[in-house]
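The values are calculated or read from the model by the stated rules, or taken from the named source; none is laboratory data. In this text the structure is predicted, and so the values were computed from the model without any measurement. Positions of Cβ are backbone-derived with ideal geometry, glycine not excepted, and every protein chain shown enters the neighbour counts. When the accessible area is computed, the model is the full protein with side chains, heavy atoms only, and any ligands, DNA or RNA have been set aside. Shrake-Rupley method; radii C 1.70, N 1.55, O 1.52, S 1.80 Å.
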Amino acid sequence: MLVVLLPMLVVVPSPARAADQVLTWTTDGEITRYKTAPTEAVAGPATIVFENSAATGNTTGMPHTLTFDTSTEGYNHDVSVNILANPFDASNGRHEVAVTLTPGRYRYFCSIPGHSLMVGELVVTGGGGGDTTPPTVTATVTGTFAKTVTVTATDSGSGVASVEYQLDDTSFQPYTAPVVVTAVGDHSVQYRATDVAGNTSATGSVSFSVTEPGPVDTTPPTVTAVVAGDGTRSATVTVTATDSGSGVATVETQLDGGAWVPYTAPVTVTAPGAHMLHHRATDVAGNRSPEGMVMFTVTEPPVEDTTPPVATATVTGTSPATVTITATDSQSGVRSIEYALDGGVWTAYSAPVVVSAAGTHSVAYQATDQASNVSAPQTVTFTVVPPGTDACPNSDDRPTVVIGGVDSGVANVDTGDGCTVNDLIAEHAGYPSHAAFVRHVDAVTAPLVTSGVLTRRDQGAIVRAASRSSVS
């Protein structure tokens, strides 16, 4: 029975190609080797013959396969052959298949369980002068007190067949693994490679020195940590490690009992609360420092302040008048206070405003907090009188405001121009009605509240006294 082949990779033959070659494998009753097998071939079309029959010595009916390896590194994988043959199949154990071979090596084997020793290689050369370019070979040297030379060869034509090296001009030998040199002194390694078509590269060379190892480092690194921002909304920990021996290899940190992680940049923590950051370092010689630790606290971010400050103004005196402005803010705090006199420009308030020009004035004022919230502008009005002016030379100077015999209990103070509160009430002026008189009292005391002469509570007491009196 024939197990069908996968499609083959086609290679266009050179003009001077010889007749297609026939490559024959035979087996018998043995399970440890193929009876006959080709070892070399030329790139290009070929007919593969696999015979496992009585004619080749198989008298037991033992099945075998001829299988080309398509996965093992280092071999060509462009031809897929998998033929199962036995003397009693439809072809009497003899099968043929056409393929196209490329330069390089093919590995073949029998896939029947227990037949693992039936394996071999087929080397395919370029043929017809196809590959005339030698391999490209490079070498790298690594290490400090022992040097390791790694040779790499590539060939895009027929493929690399072998790599060789020699140490310090001794003799070339096969290169199978990186060359390690430990002898102290100057050295050189020469190297070359040959491809399957027989092309050999020019000899390359690398030179290097192996130095005497220094004293053994048994001292661990020194590690320090600095915290910036402790007690604020975020904290950053910067870890520094030094080692005067073999040098620092790694630095690690552990936050709040978590996993140890490599330290590559300062550690920033924003989660509110108390925290611990452990740290340690290891040097190139494998010495690890004792664990260090720093503690710090991250605070909750403040609640956003959207409430403006509360601003108030009081006026004292009439010649001159002094306006004192105050502001309070229970969240972010007051940043600034401004005022504008008689509709002028806004000016930073730093001390009470003194106004000496006679006449009626107004002061507008507002405050701004640290969150840039601005209070609504407010205005206080007042009157400044010239010194020595007495608008009421015959003042009613009773100690309290008394209306129609009803004592309000409020001090009968000078309102600023020589007139007392009782003078302004003028209870004997005559009014159309008692209600009209009460309205008059309310009207003349309201400006006194605005100017700070009376409090609103004082005004209420005076209006109530007028209401209880019989003045009309």
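Annotations
- Sequence-ordered 3J(HN,Hα) estimates for the range 298-305 from the Karplus curve with 6.51, -1.76 and 1.60 and θ = phi - 60° stand at 10, 8, 5, x, x, 5, 5, 8 Hz, glycine and proline given as x.
- Of 392, 110, the residue with the largest accessible area leads and the full order is 392, 110 (1.4 Å probe).
- Size of electric dipole in the chain: Cβ of Lys, Arg +1 and of Asp, Glu -1, about Cα centre, debye, nearest 20: 600
- Residue 356-residue 208 pseudo-label distance in nm [points 7 Å out on the Cα-to-Cβ vector]: 9.4
- Share of Cα-Cα pairs in the range 59-118 lying beyond 15 Å, as whole percent: 56
- Restricting the calculation to alpha carbons of the range 202-306 gives Rg and Dmax of 20.4, 81 angstrom.
- Taking the inverse of the mean 1/r over every pair of distinct Cα atoms in the range 250-340 gives a Kirkwood hydrodynamic radius of 18.6 Å.
- Per-pair calculated FRET efficiency, R0 = 30 Å: residue 162 and residue 55 via Cβ, rounded to 0.05: 0.20
- Kirkwood-type radius of the range 30-177, with distances r between different C-alpha atoms, in Å: 18.1
- Extension gain, residue 324-residue 111: 0.36 nm per intervening residue step, less the Cα-Cα distance, totals 66.1 nm.
- Fraction of accessible area attributable to carbon and sulfur, the chain (%, probe 1.4 Å): 55
- 3J(HN,Hα) along the range 374-379: 10, 6, 5, x, 10, 9 Hz, from the Karplus curve 6.51 cos²θ - 1.76 cosθ + 1.60 with θ = phi - 60°, whole Hz, x for Gly and Pro.
- Legend: residues 428, 279, 434, sorted from most to least accessible area (1.4 Å probe; ligands, DNA and RNA excluded), read 428, 434, 279.
- Long-range amide H partners of residue 419 with built H, under 5 Å: 391, 392
- Residues within the reach of a label modelled at residue 259 (point 7 angstrom out along Cα to beta-carbon, backbone nitrogen below 16 Å), restricted to the range 222-253, are 252-253.
- Dipole magnitude (debye, nearest 20) for the range 195-321, charges at Cβ of Lys, Arg, Asp, Glu: 200
- Hydrodynamic radius by Kirkwood, which averages 1/r over all alpha carbon pairs of the range 141-185, in angstrom: 12.1
- With 10 Å bins beginning at zero, the pair-distance distribution over Cα atoms of the range 112-210 amounts to 15, 37, 24, 17, 7, 1 %.
- Stretchable slack from residue 36 to residue 414, in nm (0.36 nm times residue separation minus alpha-carbon distance): 122.4 nm
- Estimated FRET transfer efficiency when R0 is 45 angstrom, pair residue 20-residue 172 (beta carbons, to 0.05): 0.75
- Checking Cβ-Cβ separations below 4.7 Å across the chain identifies 110 as cysteines lacking any candidate disulfide partner.
- Per-q log10 I(q)/I(0), the range 338-472, q = 0.09, 0.11 Å⁻¹ (Debye; single scatterer per alpha-carbon; no solvent): -0.36, -0.51
- If R0 is 41 Å, the Cβ-Cβ spacing of residue 132 and residue 90 corresponds to a FRET efficiency of close to 0.35.
- The chain - Debye-derived log10 I(q)/I(0), Cα point model, q = 0.06, 0.07, 0.12 Å⁻¹: -0.65, -0.73, -1.07
- Restricting the range 208-303 to trypsin sites (Lys or Arg not before Pro) in coil, as DSSP defines it, with at most 14 other Cβ within 10 Å: 233
- Heavy-atom accessible area order for 77, 275, largest first, 1.4 Å probe: 77, 275
- Value of [θ]222 nm, deg cm²/dmol, for the chain, DSSP H segments ≥ 4, -39500 (n - 2.57) each, nearest 500: -2500 deg cm²/dmol
- Counting 0.36 nm for each residue step from residue 303 to residue 376 and taking away their Cα separation leaves a gain of 24.0 nm.
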